[in-house]
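Peer 1: Could you have a look at this structure, given as structure tokens, before my questions?
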Amino acid sequence: MINMDPGTITIIIIVLFFVFLAMGMPVFGALGISSVVGIYLLLGPRGLGAVPGVIYDRLNSFTLVAVPLFILMGEIIFVTDIGSDLFTAASLWLNRLTGGLAMASVVSAAIFGALCGVSIAGAATIGSFAIPEMLKRGYSKSMATGPVTAAGALSLLIPPSLAFILYGEVADESVGKLFIGGIIPGITLAFMMIIYIGIVCKMNPKLAPKLTDVVTWKMRLRSLGRVWPSLVLIFLVLGGIYFGVCTPTEAAAVGCVGSFLINLHRKTLNWTVLRGIFMKTMLTSGMILFIFTSALLFGYVLTLLETPQQLIMLLEKAELSEWMTLTFAIGVVILMGMFMDIVSVILISTPLLLPIILNLGYNSLWYGIIVGITCEMAVITPPIGLNLYIIKGVSPDYISIGDIIVSALPFVFVELACLIIFIMFPELCLWLPGKMG
Amino acid sequence: MRKTLRAINLSVDTITRLAEILSEVGLAFLMIMVFREVVWRYVFKNPSIFSVELSEYLLVFITFMSAAWVLSEDRHVNMTVLVDRLPKKIRLYLDIVTSILVMVFCSVLIWKGCITVIMAYVGGYHSSSLVNFPLWISYSIIPLGTLILLLQYIIRIGNNIKMLIDLRKT
């Protein structure tokens, strides 16, 4: 039996994890193998007997069932043309405003976010027709791509959100409360983006030429006709959670059945489409759940090693002020978000950083929402910003990935401003979940 | 020799596809079961005892049964910023090294997982709920799914070696 103190083992496994990651090992493998090494060094070969049990017990969670179900709901919605209907309706209602189409892409992405939980779906759906439409109307490259790239990520913050389910599960926080808590920050962020677009387009009219087509109130009202089923679905899913009628998992199943009904009504389903929906859902869910599985093991090892306590002691010894500690923690999350996908960021950073935050006297619901806002930045900052590549995929070829990175950059600052608001005024995001039934 | 290799390759891929199709079916069941439960509870005021527990088992099932397929589609998330800058040959070597390391993790899961299953079977463990589900069945999902993942990793290493040989030829 090797005798090593927990501090050394912690450093070894964290270094191993990053080395493996840099070598291109899948995240689940890097987490798994460094956990196994950690357990072996701490408890010897006998300790490894606990590995399957730890995974089994923690994966066995009804809350987690919401992950595949919400992904399924998103995929079912994806095959309807709800995305384009939302954008058309929003652009008819906003057509008088300068930069109206860009604003419409934000609004439709936000509403789409309330129907699905992953950031890429929103960006891909809204982007694929909003971007060509804006370019056709003479919008500049940056105004045509930037807003959609950033607003597509709103689905991470606006419930249902996969980020919140995963956070809730690791942090032992109510997913329902996180969902409801994400509503106000999500809407605030959408409004801040719209205001930013308005100001920039007013200052530089070349970015977004004014639309000249005549839009009547009749057209506007008619556009709502195709949108209302999705609004009802949003109300059912979120209302059910808010009023305490059902758990997020049950709401997800209701959402799936509801979106199937919309599909049936629009006659967009056939066997091939159905198989595609289930296959894509399984790909995404399998990938996320498997990372989750080994992240659970990693979290278990860190608890065994008492890593969070050691970190807290270290920070106390450094005598950092409350603000410094908070900035440090959020800085780490932002930095990780630049290099990793958000699923890994949430699952790896939470067990390490949450104890520090709780030790400062903050609440884990608030921190979860802060992490959610931080993830908004993570998906649009290079080198690993999933939304950037998604938008590149749905844009015309002459728009380069560099153009998209630059066009999304101002929105990183809008999000940073939003983050600071909710850090300064925690009541803003804690108020609504406090009123839940 | 070449024929046997191709046969092994094909059979592992078939098992992987089969496991994936089973997990898709599991997903459909999951949706129907949770929805059914909502209706039964709120409309008929008659909640069932098995729904929550069975959906948890199904979740474990779809997670582990789809893992090998996600690998064969190369969709397990990894960080490629650094690796992408390396020459192809080194990239292939690195992939073999990391694959072997992940296989070590898989082996631990399979080996210890099998012990857990045997213990649950011999000891006659059942879930502590009213369903009284025999636990060796649900425990066996982890070693089984991981075994398919391990087999798929062997195929992956084989493919990498083949690509390395092809690279040498050219």
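Peer 1: Around A:Leu189, under 11 Å between beta carbons, what's the net of Lys plus Arg minus Asp minus Glu among the other residues?
Peer 2: Value of the local net charge: -2.
Peer 1: With Cβ to Cβ distances under 14 Å as the rule, what net charge do the other residues near B:Thr170 carry (K, R +1; D, E -1)?
Peer 2: +4
Peer 1: On a C-alpha basis, how far is the centre of region A:343-376 from the centre of region A:242-292 in Å? Whole number, if you could?
Peer 2: Taking the Cα centre of each part, region A:343-376 and region A:242-292 sit 28 Å apart.
Peer 1: Based only on Cα atoms, what Rg/Rh ratio does region B:4-63 have, Rh being taken as Kirkwood's radius?
Peer 2: With Rg and the Kirkwood Rh in hand, the quotient comes to 1.27.
Peer 1: For region A:179-244, count all C-alpha to C-alpha pairs, find those more than 17 Å apart, and express that count as a whole percent of the total.
Peer 2: In whole percent, the long-distance tail amounts to 68.
Peer 1: Compute the acute angle (0 to 90°) between the alpha-carbon long axis of helix B:88-123 and the principal axis of greatest extent of the alpha-carbon atoms of chain B; round to the nearest 10°.
Peer 2: Between the helix axis and the principal axis of chain B, the angle is about 30 degrees.
Peer 1: What is the helix-to-structure angle for A:364-378, meaning the angle in degrees between its Cα long axis and the longest Cα principal axis of chain A, kept from 0 to 90 and rounded to the nearest 10?
Peer 2: Long axis of A:364-378 versus the principal axis of chain A: about 60 degrees.
Peer 1: What FRET efficiency would be calculated for the residue pair B:Lys169, B:Ser107, taking the C-beta separation as r and a Förster radius of 35 Å, to the nearest 0.05?
Peer 2: After rounding to 0.05, the efficiency reads 0.60.
Peer 1: Let me ask something else about it. For the residues A:Leu289, A:Leu354, what sequence is obtained by ranking on other C-beta atoms within 10 Å, fewest first?
Peer 2: Neighbour counts put them in this order, fewest first: A:Leu354, A:Leu289.
Peer 1: To continue, here is another question. Taking the Cα centre as origin and putting +1 on Lys and Arg beta-carbons and -1 on Asp and Glu beta-carbons, what dipole magnitude results for the protein assembly as shown, to the nearest 20 debye?
Peer 2: 1840 debye
Peer 1: Now a separate question. Viscosity 0.890 mPa s, temperature 25 °C: Stokes-Einstein D of region A:210-307 from its Kirkwood Cα radius, in µm² per second?
Peer 2: Taking Rh from Cα pairs, D becomes 139 µm²/s.
Peer 1: Please identify the chymotrypsin sites (Phe, Trp or Tyr not before Pro) of region A:189-250 that satisfy two criteria: DSSP loop assignment and at most 15 other Cβ atoms within 10 Å. Which are they?
Peer 2: Answer in residue order: A:Phe243.
Peer 1: On each of the three principal axes of the Cα atoms of chain B, give max minus min coordinate, whole Å, ordered largest first.
Peer 2: Result, largest extent first: 70, 38, 33 Å.
Peer 1: Return the Rg/Rh value of chain A, two decimal places, where both radii are evaluated on C-alpha atoms and Rh is the Kirkwood radius.
Peer 2: That ratio equals 0.99.
Peer 1: Rounded to whole Å, give me the distance from the Cα center of region A:293-335 to that of region B:44-107.
Peer 2: Distance between centres, Cα-based: 27 Å.
Peer 1: Count the net charge of all other residues whose Cβ sits under 14 Å from the Cβ of A:Thr249, scoring Lys and Arg as +1 and Asp and Glu as -1.
Peer 2: Net local charge, A:Thr249 excluded: -3.
Peer 1: I'd like the orientation of helix B:141-169 relative to chain B: the angle between its Cα long axis and the longest Cα principal axis, in ° from 0 to 90, rounded to 10.
Peer 2: 20 degrees
Peer 1: I've got another one for you. To the nearest 500 deg cm²/dmol, what mean residue ellipticity at 222 nm is calculated for chain B from DSSP H runs of n ≥ 4 alone, each contributing -39,500 (n - 2.57), summed and divided by the residues?
Peer 2: Estimated from H runs of four or more residues: -28000 deg cm²/dmol.
Every number here is computed from the coordinates shown, using simple stated rules; none is lab data. Small disclaimer: the values here were computed from a predicted structure and weren't measured. Heads up, the Cβs are rebuilt from the backbone with ideal geometry, glycines too, and the neighbour counts pull from every protein chain shown.
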